[in-house]
Amino acid sequence: ARNITQKMMDGMSVFHTITKRGRRDGTFVDVEIMAVPGDGHDIGHITIYHDITELKRAEQALQESRAKYRDLVENANCIILELDTRGDVTFLNRFAQNFFGYSESEVLGRNVVGTIVPETETTGRDLRPLLADIGRNPEKYRYNVNENITKSGRRVWVAWSNRVIQDEQGNAIGTLSVGSDVSRERELEEELRQGFKMHAIGELAGGVAHDFNNMLHAMQGFSEAIVKQSD
């Protein structure tokens, strides 16, 4: 209290601190102390003590929860990214770093296009407007598949699940994206597609050959009939 009085006498307009105070039962509580000078010529001060023990416990629980969440995310066996509304990387877990071949410092703050996302897919699709639209309207892309690229230049296909990150006021401030490598599945789909295509071509060729053979037989029969008539 003497310390607060001295500070008020020294001209401090508002005194504020958070500290611990003992209670009669011998326990200690977290207390927020705020003091302002008294009215008129009174050199005293008005002091407000606010017990913030529960608030401190809640903050501690939140920090522990975030630590557990971070630990879970860091050790997840999938790609996890956080992007801001511009598409700049604000977080990527260890799995993502190993998968794409980038260290955290090499990617944080950089846009996904030009790092882990090529400007153009091998299919010819321009990914820049797609990624820009995801940043503006992530709810439209709760699930999407697009081609990505590793630091070494290897092209990979990733299936993404996207969720909006909101601030305390409910404003969208970014996107949480969880990805899974589906490159092998895409290869199998392409092989299957090519297999169906070749099968269809084979059936078409077989049908044409059959029809042509029937035509040859008809032409041969017609020729034989003409020969017999001429005899």
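The values are calculated or read from the model by the stated rules, or taken from the named source; none is laboratory data. Since the structure is predicted, the reported quantities are computational estimates derived from the model, not experimental observations. Using ideal geometry, Cβ is built from the backbone for each residue, glycine included, and neighbour counts are taken over all protein chains shown.
Quick rundown of the values:
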{"item": "Test set (1) over 19 Å from residue 86 (Cα atoms); (2) exposed (fewer than 13 other Cβ atoms within 10 Å of the Cβ); (3) modelled with pLDDT of 85 or more; (4) among the charged types (D, E, K, R) - residue 181 fails condition number", "result": "(2)"}
{"item": "Search result, residues across the stretch 83-141 that are of a type in the set (Val, Ile, Thr) and in contact with a Gly (Cβ under 6 Å, 6 or more places away or on another chain)", "result": "85, 112"}
